[in-house]
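Any read-out appearing in this document is the output of simple, stated calculations on the displayed coordinates, not a laboratory observation. Note that the structure is a prediction, hence the values are computed from the model and not measured. No Cβ is skipped: glycine too gets one built from the backbone with ideal geometry, and neighbour counts run over all protein chains shown.
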Amino acid sequence: MRILILGGTGEARELAAALVAAGADVISSLAGRVSRPRLPDGPVRVGGFGGAGGLAAFLRDEGITHVVDATHPFAATITANAAQAAAEAGVPRLVLRRPGWAADPSWAVVAGIGAAAEAVARWPGEGVFLTTGRRDLGAFAADGAHQFLVRTVDPPDGPVPPRMTLVLDRGPYTVDGESALMREHRTSLLVTKNSGGPMTAAKLTAARDLGVRVVMVARPALPAGSVSVLAVTDALRWLEGTPGRPSA
Ligand SMILES: NC(=O)c1ccc[n+]([C@@H]2O[C@H](COP(=O)([O-])OP(=O)(O)OC[C@H]3O[C@@H](n4cnc5c(N)ncnc54)[C@H](OP(=O)(O)O)[C@@H]3O)[C@@H](O)[C@H]2O)c1
């Protein structure tokens, strides 16, 4: 068995740690987006593959027998590429996706970042807390009516909202810390993606406690035919029970 984990998440690191501890042959792949990534145990490669074709070639060249796509729920391009590449190379593929946050009836759920920006444009309040990531800030760049509190891991390098206060941080966060931040910046609207998981969930509790309205961007759908699990233990079970492509 030779396993490729497409990573960049806590679950991917947990899975790599469990497999390395069990003596499995595993490679983790990171996109190379953040300047100081948390590295998984075991061998790691960094950077894009050059599309689905490049990933398929990597699977063949490296003798990969199983692919676990443990990327972030909103990393839709690599997930689509992994589906195509694994099919092309004849390698079984599993998607490991943590559960989304359970929907709260008070949230305004929108289908994408463009719809989130439209919802913000209609918001009569002023203070908006954006936690959607630095690459989505361009969607809010024409909005001069709101004061944006923006939190990202690395500084943005593209278009940003004209009135922006930037906080660089990567969590995990506490309810007290999130409440203090939202109070300090007079937040009346929180915009977030439904990433799920405990690391960044405190803002939702804080928003509820403070009466801050939430705009929640729904997850993109998985590629057709994807087999997916919610937990690392289920991924380990799938690896045990799934015959892989014969290693080169
Ligand atoms: N999107 C988020 O909100 C978010 C949040 C936290 C962490 N992350 C992590 O950050 C990474 C990038 O996310 P994204 O949303 O920018 O991805 P994306 O839009 O789905 O992918 C864009 C391109 O980045 C490369 N790429 C992405 N993930 C990769 C990986 N694990 N290994 C090698 N190449 C990868 C691929 O380049 P090529 O086409 O050249 O192969 C892919 O086509 C992912 O690993 C994801 O797990 C994303």
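Placing +1 on the Cβ of each Lys and Arg and -1 on the Cβ of each Asp and Glu in the chain, which of G10, P155, T242 has its Cα farthest towards the positive end of the resulting dipole?
Farthest towards the positive pole: P155.
What is the extension gain from D104 to R122, computed as 0.36 nm multiplied by their sequence separation minus the C-alpha to C-alpha distance, in nm to one decimal?
Result for the pair: 4.4 nm of gain on full extension.
Is there a quick way to get the dipole size of the chain? I mean about its Cα centre, with the Cβ of Lys and Arg at +1 and of Asp and Glu at -1; what is the value in debye to the nearest 20?
The calculated dipole for the chain is roughly 160 debye.
So how far, in whole Å, is the C-alpha centre of the stretch 1-80 from the one of the stretch 199-240?
For the stretch 1-80 versus the stretch 199-240, the Cα centre distance is 19 Å.
Quick one: Karplus J couplings for the stretch 138-149, per residue in order, coefficients 6.51, -1.76, 1.60, θ = phi - 60°, nearest Hz, x for Gly and Pro?
x, 5, 10, 5, 9, 9, x, 8, 10, 9, 9, 9
Once you have the Cα-Cα distance between R33 and R183, take 0.36 nm times their residue separation minus that, and quote the gain in nm to one decimal.
Here the answer is 50.9 nm.
Can you list the HN-Hα couplings for the stretch 36-53, worked out from phi with the Karplus curve (6.51, -1.76, 1.60; θ = phi - 60°), rounded to whole Hz and with x for Gly and Pro?
Residue by residue, the stretch 36-53 yields 10, x, 6, 8, x, 5, x, x, 9, 10, 10, x, x, 9, x, x, 4, x Hz.
Starting from the amide H of A31, placed 1.01 Å from N in the peptide plane, find each other amide H under 5 Å away whose residue is 5 or more places distant or on another chain.
It is G47, by chain and number.
State the dimensionless ratio Rg/Rh of the stretch 130-248 (Rg: radius of gyration of Cα atoms; Rh: Kirkwood radius).
Using Cα coordinates only, the ratio equals 1.10.
Treating only the Cα positions of the chain as identical point scatterers, give the base-10 log of I(q)/I(0) from the Debye formula at each q in 0.08 Å⁻¹.
So the normalised log intensities work out to -0.34.
Given H placed on each backbone N at 1.01 Å, which residues far from V110 in sequence or on other chains put an amide H within less than 5 Å of it?
So V110 has HN proximity to M216, V217, A218.
Using modelled amide H (1.01 Å from N, peptide plane; none on Pro or chain starts), what sits under 5 Å from the amide H of V26, excluding residues fewer than 5 places away?
Sorted by chain and number, the residues that satisfy this are I3.
Mind listing the phi-derived Karplus ³J(HN,Hα) values for the stretch 208-216, rounded to whole Hz, using 6.51, -1.76 and 1.60 with θ = phi - 60°, and x for any glycine or proline?
Couplings: 4, 4, 8, x, 7, 6, 10, 9, 10 Hz.
Once the other residues with Cβ under 12 Å from the Cβ of L96 are scored (Lys, Arg +1; Asp, Glu -1), what is the net sum?
+1
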